[in-house]
Every structure is written in C-alpha cells, then in structure tokens.
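**Q** First the structure, which I've put down as structure tokens, then a few questions once you've had a look.
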Amino acid sequence: MIVAAFISGAIAAMSFTAAAFFLRFWQKTKDRLFVYFAVAFLLLMVERIMRTVLDMENELAPLVYGVRLVAFLTIIVGIVDKNRVK
Amino acid sequence: MVQIVYILCSLACLLCAVLLMRGYKRSKHELLFWSATCFIILAFANFILVVDLVLIPTGVDLLLWRSCMSLVAMCVLLYGLIFKSA
C-alpha cells in the first residue's frame, strides 16, 4: 500500500524532527527528560522505517513492534526518573 | 506472542499520555499539554491496532486509519514544539 508507506515516511521524518527539538531543549536546559524523549522519538522513527522496509508478514513483526514498545517505555522511565529527582 | 506486544504497546502509550497529562496539570507547561495530546492520539491509534490485529484480525484492514491517526499525533506534537515551546 503506497499511501500507507508515504504516510509512514512522513511520520518518520516528523519523529526525527521532534527528536532534534528535544535534543536542542536538552542542550539548553540540561534536563535529562528531554534526552529520554529524543531517544524515544528516534526509536519511533526507526520502527516506522523498519516496518515500511521489512515484510510485516514474517517473524520480524514482534521485533518491529517491540521497538515501539521500548520507545514508550523509555518515556515512562524518563517521567519516573524526573519525578524521582524532584 | 505478537498479540501481547500489540497490547503492551497500547497500554504503555496510554500510560505515557496519563503521566504527561498529570505533569501538565501540576506544572502547566504548555509543551507537556501538547506532548500529552500527541500520546492520547497515539494511544487511540494503538488501540485501533489491537482491534485490527488482535480482536478482529479477519475484518477490514485499518492500516490507513492507524497511519493517519499517528500522522495527526505527530502534527500536534510538532505544532506544540514549534509554536508553544518558547
């Protein structure tokens, strides 16, 4: 499905942009939470690219969605870490 | 196995949204609001993923709907990052 692949590409580019923003915020504030966000959005970008490039009918499907899961867990860890530091 | 990963993705994303919204209510930082909104939409997209691939695997393919929702979520986040993060 070419439209879905196009949308995935757009999402990957936007994820990369968001990650770049968060890295810039981290440079300015030195707040670790922004690093967690940047890593998470880079992982979401990788997941989109993997899912579009790889054939999702094969056994790699759990691995690709596993990357997405790790991205969300990174943000949860970041928020918990931020609250713990406070 | 893969179904568990889909469900965990959905739950982790929902938890991210809840934690970010709680953070916004406490600190009133606008960036947290836009991040939380992004994750709420992503949580919906992940919920549709569970419906599409776990609950009704033989039904209509909702890939395009899921992709569009994720695209909207990223647009919301980038709007917040560009215009509301000052």
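The values are calculated or read from the model by the stated rules, or taken from the named source; none is laboratory data. This is a predicted model, so every value here is computed, not measured. Glycine gets a Cβ as well: all are built from the backbone with ideal geometry, and neighbour counts include every protein chain shown. Please note that ligands, DNA and RNA were not included when accessible areas were found on the heavy atoms of the full protein model with its side chains. Shrake-Rupley method; radii C 1.70, N 1.55, O 1.52, S 1.80 Å.
**Q** Just name the residue that is farthest from B:SER10 (Cα to Cα) out of those in the stretch B:55-75 that are more than 8 Å from chain A (Cβ to nearest Cβ) and open to solvent by less than 30 Å² (accessible area, probe 1.4 Å).
**A** B:ALA73
**Q** All but one of (1) within 20 Å of B:CYS13 (Cβ to Cβ); (2) open to solvent by less than 30 Å² (accessible area, probe 1.4 Å) hold for A:PHE25, so report the exception by its number.
**A** (1)
**Q** Against the conditions (1) under 26 Å from A:MET1 (Cβ atoms); (2) surrounded by fewer than 21 Cβ atoms within 10 Å (Cβ to Cβ); (3) hydroxyl-bearing (Ser, Thr, Tyr), where does B:SER10 fall short? Just the number, please.
**A** The single condition B:SER10 does not satisfy is (2).
**Q** Tell me the residue from B:ALA45, B:ALA36, B:ALA12, B:ALA17 that is under 22 Å from A:ALA19 (Cβ atoms) and at the interface with another protein chain (Cβ under 9 Å from one of its Cβ atoms), please.
**A** Only one candidate passes the filter, namely B:ALA12.
**Q** Identify, by number, the condition in (1) in a helix (DSSP H, G or I); (2) surrounded by fewer than 20 Cβ atoms within 10 Å (Cβ to Cβ); (3) not hydroxyl-bearing (Ser, Thr, Tyr) that B:CYS38 doesn't meet.
**A** Going through the list (1) in a helix (DSSP H, G or I); (2) surrounded by fewer than 20 Cβ atoms within 10 Å (Cβ to Cβ); (3) not hydroxyl-bearing (Ser, Thr, Tyr), B:CYS38 breaks only (2).
**Q** Looking at (1) within 11 Å of chain B (Cβ to nearest Cβ); (2) surrounded by 13 or more Cβ atoms within 10 Å (Cβ to Cβ), which one does A:VAL35 not meet, given that it meets all the others?
**A** So A:VAL35 meets the others, but not (1).
**Q** Please pick out the residue among B:PHE33, B:PHE44, B:PHE83 that is within 24 Å of A:PHE6 (Cβ to Cβ) and out of contact with any His (no Cβ under 8 Å at 6 or more places or on another chain).
**A** Values: B:PHE33 fails: within 24 Å of A:PHE6 (Cβ to Cβ); B:PHE83 fails: within 24 Å of A:PHE6 (Cβ to Cβ).
The match here is B:PHE44.
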